[in-house]
Every structure is written in C-alpha cells, then in structure tokens.
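Since every read-out is calculated from the coordinates, none of them should be taken as a lab result. Just so it is clear, the model here is predicted, and its values are computed rather than measured. With ideal geometry, Cβ positions are generated from the backbone for all residues, glycine too; neighbour counts draw on all protein chains shown.
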Amino acid sequence: MTERALALLAQIAIVLFLSPLITGFSRTLKARLQMRRGAGILQPYWDIHKLLRKGMVIPETASWIFSATPYVLFVTTLLAGLLIPTVSAQAPLSLYGGVLAVVYLLALGRFFLALGGLDTGSSFGGLGSSREMTISAIAEPALMLAVFTVALSAGSTNLSVVAQASLGQSWRFLAPQQMLAFAALFIVLIAETGRIPVDNPATHLELTMIHEAMILEYSGPYLALIEWSAAMKQLVLMTLLVNVFFPFGLSIGWSMGTLLSLVLFGLKLLLLAAAVVLVETTNAKMRLFRVPELLAVAFVLSATALISTFLF
Amino acid sequence: MFFWQDPQFGNKMITLMAALVLVIQILMVSQRWLVTNIRAFGVQSLLLACIAWTIAYFNHAPHIYWVAALTLIFKAGLLPVVLERLVARIEIRQEIEPFVNVPLSVLVAGMLTLLAYVVSESFHRPNEPAGHGLGHNTLAVAIAVFLIGFFMMVNRRKALSQVLGLLCLENGLLLAAISLTYGMPLIVEVGIFFDVLVASLLLAILVYRIRETFDSMDVSRLSRLRG
C-alpha cells in the first residue's frame, strides 16, 4: 500500500517538475540554433515562480468559467500524466483508465480552455478558441488511430500493458505500421503542443497566434497554472511517443533500477525535444488554412498504419 | 554472428525502409513546393538504393549491387540536381497546383494505399518457407508507390511535376521488381534504367521548350492551336 502511494507521489513529482525542464531545454536549444544566447534552461521554473506570487486582473465580464478553467486544465493534465508509464512500465493510476482516458482528459482540459477564451467576450479569445478547436478536431482522430495501431498489437488499450508488451518484443518498433503511426503521432505532437509549422509559442502577433490568443486575458497565478499545464501536456504527449514506441530502459516495478530508467527517460525526452526543435527552426509557420493539409497527412498516415495492421 | 548478419534483421530493415518510402510518397503528395518535392524524390531513391543493397547482401545476388549503385548515382544524385537546375533556370512559380486540392489528394493517396494492400494480399502465401520472398508488405508498398505516382501524374498541371510523378512511378516499379523476383536480369534493369533516365532528360528539355513557347508549363494550354 505504501509502495503504491510512493509510486504515485514519485510520478506526480516527475510530471510536475520535469515538464518545465523540457520546455526550457527546447527554448534554449532553439535560441542556440538561431545564434541567440536565449534564457537559461531553468527559466520556465522562474517564470512560474514569479507568476504565482503576482496579483491578478480578472475582466469584469468574466464568469465563474474563467476562474475554473486554470484549475480544471491543471488537474486534468496532471491526471493524464498519471495514466501514462514514465519511468516504470506500471503507471500509478493505470487501473483507472487507458489511452482513451488520457485522450479525453486532455480533451476536457482543451474544452475548458476554449470556453475560458470565449468567456471574457474579447474577440481574440474567441478567435483563438475557434482555431484551437479546428485544429484539434482533425488532430484528435489521427492521435486515436495511431495509438489504436499500437494498442491492437498489444491487445489492450491500457498503456501499462502496451508498454510491457512492447518491452517483451525487441525490434518490434521496426515494423512498418509502427513507423507510420510514429510519423503520424509526431505531426500530432507538433500540432497539439503548438509548435512552429502550426502555431508559434513565442508569438504575440494577434493574427497568427492560437494558444496565446486564448489565454490573452489570464494573468498572475492563473497564467502560471495554464503555462504549467501546457508544459505538462507536452510532457504527456512526448512520453506517449517515446515510451510506447521506444520502451528501452523502462523498469518493471519501482526499485533502485528506476533511477537508471529515469536517466534514460530524460535522455529519450531530450532527443525527441531536439527533433521537434529541429523541425521548428527549419520550417516557416504555415498559413492557418494550410494546417488542415498537414493534419490530413497525419490522419492518412495513421489510418494506413491501422489498416496495414489488419491486412497482415 | 553479429545481429546485422541475421536474415530476420535484414527483412525487418527492408520492410522498415519500404514503409519510409511510402511515408515519403504520401508527403510528396501533400507538399506544394516543387523543390521540396524534388528533394523528397532524391531521398526516396536513396532509400530504394539502400533496399536494393540490403536485398543483394542477404540474398547473395551480386547483380543487384549494380542496381543499387545505378539508383544511387542517377536517381538519388544526378536527376534531382538536373531537375533543380531546371527549376532555377526557367524561373517558374514554385508551387504545384494540383487539380484536386491537397487534403483530398492525400485522402486519395491513402485509398490507393489501401487498394495496394488488398491487391497484394493475393500474392501472400503464409506457408512459404521463411526468408524466401520478401512478403507482401514490400510488394504492397511498391504497388502503392506506383499507383500514387500515377495519381500524381494525372493530378498535376505543370509538366515538370508530371515528370516527378513518372519518376515516382518508376521507383515503385523498381521496388516491385526487386522485392518480387530479387531483380530481373541485369540487362533488363539497365535497359529500363536508361530508358527512364533518357525519358526524364528529354522531358526536362521538352518542359523548357513548352515554357519558352507558351510562357507557361501548364500542359492544359497545349490543346490550343498556335500558328
């Protein structure tokens, strides 16, 4: 009993405190690739710390939804993080739900975020919400189909079972349907975390922003919670990619060997983050109406992956 | 024995690279920029050369090494450079304008892949001894690349992007040939090879002429008479 509680606490700590590090790492790497010095890797931690101590401005027109959104977003993202195996193949809350729960917990958070953007009645918030919903309406089926491909070969939608199954079969990730599903999920990762061909996380130009437009009215601790959830969502999706497709070094239970797994997990995440940053620096942002084309590619790739699983 | 000498590993690498060829083909359908399309074709040919090399290595078929080398030199090296120069010289607009819009084209490409899998199913013999025949997976990819190449030719207006479609189609043919039969006799391969090479070089010149005469590469304008 205490062991399970400890595992839960450890996973909460990993999800909460590793996520700003990944964000900071990709920002610094991006700055270096653009020949800038950039802020330090730890900057997101300082940002969150500073924002949490500040006061808030809440628009007069805002209803209770505006205040509820940051909490709902934070809690749903954290819960999704607890359903995914990070360093141990056994995720602490895996008994309570599989990959469907993860996808829909994230969708619930996104739903509230879009409502929060609409709630204040400012035009930018509504614009951001509608754009976010347009993109996620295509990204979500692609994500589901890609994950189902993996779940089919493992025989379960429970992510812990999937990770353990793929631990057992070495070289399985070389199978073509895995390759197609990975490519699809990579595009979905870029779209869902708002990276450059789709959305620019550093922009403050109203015409182009998606995520930033929705959270334009938030400030202080609420903004800190939202930024932190965005970092956690990125960690959750990246973990889904690295641990489902490349499950090297996942430990079975929680023991001393887990420390080694933690190091390996960190390395895998950093590699994936570096790949995303490379895509980000070598591409220009797409026009908004071109984004569905990119996501259509992801959708077709994952549908092909799923179909080729059946036709084997 | 090292793990890379294991035929199982070879088979897996071949299927993996074939899947990558398919991914690149779908990306080419979705990509609007002509130059990116040409480079994607170069990468696809490089992968094809790797597949040919792997098949040659694991099946002790020395003449396939020649296929691999020819593919590497001409299709991954020479043709992309020639085509890119042509694009730079005739200063065309860089975007491809397909008849069917891009999301729908990608969906069509997905359907064609599905069709390819269904067709290649009939070539599948599950009780064939392992290591003999590369399985219908590579064949399915080959047919898919062939069909999508054909679709690209039909779907695009510009002569140059139709040439690209033809080249992709030929890539699919080559993949089907080496994955089904471990290569035709070398002389046939070389024949097909130079046929395509000469055809694409001729087409490149033709494209230049079309552009000179009509001020456009849109082949639908060719139906108009000109004195």
Degrees, to the nearest 10: A:123-154 long Cα axis against longest axis of chain A | 0
Set the Förster distance to 45 Å, then compute FRET efficiency between residue A:263 and residue B:218 from the Cβ-Cβ distance, nearest 0.05.
-> 0.20
Roughly how tilted is helix A:257-282, in degrees to the nearest 10 and between 0 and 90, from the longest Cα axis of chain A?
-> 50
Provide a whole-number value for the mean count of partner chain Cβ atoms within 10 Å of the Cβ atoms in peptide A:296-308.
-> 6
Could you compute the FRET efficiency for residue B:121 and residue B:150, with r as their C-beta to C-beta distance and R0 at 30 Å, rounded to 0.05?
-> 0.90
Among the lysines, which fall within straight-line cross-link reach of residue A:50, defined as a Cα-Cα distance under 28 Å, with same-chain neighbours fewer than 8 residues apart omitted?
-> A:30, A:233
In whole angstrom, and with the biggest value first, how far do the Cα coordinates of chain B range along each principal axis?
-> 67, 33, 27
Could you give the Stokes-Einstein D for the stretch B:46-108 in µm² per second, using the C-alpha Kirkwood radius, 37 °C, 0.692 mPa s?
-> 228
Gap separating the Cα centres of the stretch A:48-99 and the stretch B:92-122, nearest whole Å | 40
Which is farthest toward the positive dipole end of the stretch A:109-242 among A:213, A:200, A:151, measuring Cα position about the Cα centre, with Cβ charges +1 (Lys, Arg) and -1 (Asp, Glu)?
-> A:151
Label model pair residue B:198, residue A:68: point-to-point distance (7 angstrom along the Cα→beta-carbon line) in nm is 7.5
At a Förster radius of 30 Å, what calculated FRET efficiency corresponds to the Cβ-Cβ distance of residue A:50 and residue A:2, to the nearest 0.05?
-> 0.25
Overall Cα dimensions of the stretch A:138-244, principal axis frame, Å, largest first | 48, 27, 20
Looking only at Cα atoms, what is the convex hull volume of the stretch B:1-107 per residue, in Å³?
-> 107
What fraction of the Cα pairs in the stretch A:2-310, stated in percent, has a spacing above 29 angstrom?
-> 34
Reciprocal of mean inverse Cα separation for the stretch A:1-134 (Kirkwood radius, Å) | 17.3
Cα pair distances of the stretch B:138-181 binned at 5 Å [whole percent] = 6, 30, 27, 17, 11, 6, 2, 0
Just tell me the longest site-free run in chain A, where the sites are GluC sites (Glu not before Pro) in a DSSP loop having at most 13 other beta-carbon atoms within 10 Å.
-> A:61-205
Just tell me, in residue order, which DSSP H segments of chain B are both 18 angstrom or longer along the helix axis (alpha-carbon based) and at least 0.5 in mean Kyte-Doolittle hydropathy.
-> B:7-30, B:34-59, B:102-121, B:135-155, B:159-181, B:186-214
Looking only at lysines whose Cα falls under 30 Å of residue B:158's and that sit 8 or more positions away or on another chain, we get A:285, B:75
Hey, got the Cα dimensions of the protein assembly as shown along the principal axes, in Å, largest first?
-> 76, 64, 42
Output field shielding_mean for B:12-23 (other chain Cβ, 10 Å radius) holds 5
Find the all-direction average of the projected area of the Cα convex hull for the stretch A:112-199, expressing the result in square nanometres with one decimal place.
-> 6.8
Residue mean of other protein chain beta carbons inside 10 Å, A:282-293 | 1
Per-residue [θ]222 nm for the protein assembly as shown (sum of -39500 (n - 2.57) over DSSP H runs n ≥ 4, rounded to 500) | -24500 deg cm²/dmol
In range of the label at residue A:252: residues from the stretch A:1-16 whose backbone nitrogen is under 19 Å from the point 7 Å along Cα→Cβ | A:1, A:3-4, A:7
